[in-house]
Structure formats: C-alpha cells, structure tokens
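Asks: Handing you a structure now.
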Amino acid sequence: ILRRRELLPQIEQPRSRPDGDEVLSALGLLLWGLVKKVVIADTLAQLVNQIYARPGSQSGLSLALGTVCFAGQIYGDFSGYSDMARGAARLLGFELPLNFRQPYLSSSLTAFWRTWHISLSSWLRDYLYIPLGGNRRGLSRTMANLLAVMVLGGLWHGAGWTYLVWGAIHGVALRAEW
C-alpha cells in the first residue's frame, strides 16, 4: 500500500537499467521472499491445517503449537509476498519500502503494529485514526478511535464476523496497553 508521494516520483523520472549490485539485491529479495512463502509458510500451513481441521480432538499443547505455527505461517506469507514485490520492483527500477521489521520481536502490541504490515498500519493511522481525532480529544476519545480503527482494519481483511472480532480484540488490547 503505497502513497502517491512514494511512488509517483519514481514513475515520473526516467529509470536506468539496474546495475549488477541492484540485480543481485533484487534477486536476493525475490529468493528470500520465495523461501519465506514456499518453504516456511506453506510447510507450516500443512501442520496448521492438520491441527485446526479437528480442534476438538487435539490436546491443548497441539492447539498452542498450531497457533504458534499459524503466526509463523502468516508472517511467512505476508512478509514473503512483500519481499518478492520489492525484489520485482527493484528489477524494474522502483524502490518499495520495507513492510515488515521483525514484528514478532516487538516489546508491545503497539510496537508490533508499527513493524507489522507497515504500509497498512500507517495508512490506517493516517487516513482513519488521525481524521477521527487521534489522541487529540482526550483519553476516552483516543480509546474509541483505537477500537474503531482496529475493527475497521479487521473488516479490511475480510467481511466476516471473525475479522470483526479479531479487530475488536486488537483494539481492546491496544487500549489496555495505554
């Protein structure tokens, strides 16, 4: 998710052919993204699908393992796709921003959302949270804004109750951190 100011200047200026270092860097991003997607995410998906196919017959430990593996799976999918997009763009002479900055090493949920899907998180902040008033209208309004943005972020991922609940849980958790 790019802003006009990030991409349009790159489109408007003439591009030269990437040099050898740029090509190697781009191929490295493409390969690393492919490894994250195919080797990590798809492998974890097989285990996750097996565990979640019959959750009632699983032990608590198996369900916990499935949840941790699912976290790795979605990171591998999203981060892998982002790296592949950055590599392909670099081959074409465009530079896309880093979209994942080690989110699972974050010290808080707030820090997590600053490092996970950075382009979406910043879009939600700039186009929803700040126009709603951000943190400028008192604590209760700030908390309502956080909750609203996370619920809408959940709905952005899909039009279903699970996405709405996921967004609400994250909104409540972010509120609790304050």
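Asks: Residue check, residue 107 against (1) modelled with pLDDT of 95 or more; (2) open to solvent by 80 Å² or more (accessible area, probe 1.4 Å); (3) part of a helix (DSSP H, G or I); (4) not acidic (Asp, Glu), all met but one. Which one?
Replies: It is condition (3) that residue 107 fails.
Asks: Turning to a different aspect of this structure: May I ask you to list the residues in the stretch 159-168 that are farther than 16 Å from residue 121 by Cα and of a type outside the set (Ser, Thr, Tyr)?
Replies: Within the stretch 159-168, 159, 160, 161, 164, 165 qualify.
Asks: Is one or more of the residues making up the stretch 88-106 among the hydroxyl-bearing types (Ser, Thr, Tyr), farther than 16 Å from residue 175 by Cα and free of Cβ contacts under 8 Å to residues at least 24 places away in the same chain?
Replies: yes
Asks: Any residue in the stretch 112-128 that's among the β-branched types (Val, Ile, Thr): show its pairings with residues that are buried (at least 18 other Cβ atoms within 10 Å of the Cβ) at Cβ separation under 8 Å, as long as the two are six or more apart or on different chains.
Replies: As it stands, the answer is 115/100; 115/103; 118/99; 118/100, since those pairs meet every condition given.
Asks: Take residue 167 and tell me if it is more than 23 Å from residue 76 (Cα to Cα), buried (at least 16 other Cβ atoms within 10 Å of the Cβ) and touching a helix residue (DSSP H, G or I) at 6+ places or on another chain (Cβ under 6 Å).
Replies: Criteria not met by residue 167.
Asks: Next question, about the same structure. So which residues in the stretch 111-127 are open to solvent by 40 Å² or more (accessible area, probe 1.4 Å) and of a type outside the set (Asp, Glu)?
Replies: Matches in the stretch 111-127: 114, 123, 125, 127.
Here's the yes/no breakdown for (1) surrounded by 12 or more Cβ atoms within 10 Å (Cβ to Cβ); (2) touching a residue at least 40 places away in the same chain (Cβ under 8 Å); (3) in contact with a Ser or Thr (Cβ under 7 Å, 6 or more places away or on another chain); (4) of a type in the set (Ser, Thr, Tyr):
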| position | (1), (2), (3), (4) |
| --- | --- |
| 20 | no, no, no, no |
| 26 | yes, yes, no, no |
| 40 | yes, yes, no, no |
| 52 | yes, no, no, yes |
| 56 | no, no, no, no |
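Asks: Helices (runs of 4 or more DSSP H) wholly in the stretch 1-96 with at least 1 residues that are of a type in the set (Phe, Trp, Tyr) - which ones?
Replies: In the stretch 1-96, the matching helices (runs of 4 or more DSSP H) lie at 20-34, 42-53, 60-91.
Asks: Among the residues of the stretch 61-79, is there at least one that is within 17 Å of the chain's Cα centre (by Cα), open to solvent by 90 Å² or more (accessible area, probe 1.4 Å) and of a type outside the set (Phe, Trp, Tyr)?
Replies: Yes, the stretch 61-79 has at least one match.
Asks: If only one of 89, 45 is open to solvent by less than 30 Å² (accessible area, probe 1.4 Å) and over 18 Å from the mean Cα position of the chain (by Cα), which one is it?
Replies: Going through 89, 45 in turn, the sole match is 89.
Asks: I'd like to know if the stretch 114-125 contains one or more residues that are out of contact with any Lys or Arg (no Cβ under 7 Å at 6 or more places or on another chain) and farther than 19 Å from residue 79 by Cα.
Replies: yes
Asks: Identify, by number, the condition in (1) under 25 Å from residue 122 (Cβ atoms); (2) in contact (Cβ under 8 Å) with a residue 24 or more places away in the chain; (3) out of contact with any helix residue (DSSP H, G or I) (no Cβ under 9 Å at 6 or more places or on another chain) that residue 75 doesn't meet.
Replies: Residue 75 satisfies every listed condition except (3).
The values are calculated or read from the model by the stated rules, or taken from the named source; none is laboratory data. Predicted, not measured: the structure shown is a model, and the values here were computed from it. With ideal geometry, Cβ positions are generated from the backbone for all residues, glycine too; neighbour counts draw on all protein chains shown. Surface accessibility is based on the protein's heavy atoms, side chains included, excluding ligands, DNA and RNA. Shrake-Rupley method; radii C 1.70, N 1.55, O 1.52, S 1.80 Å.
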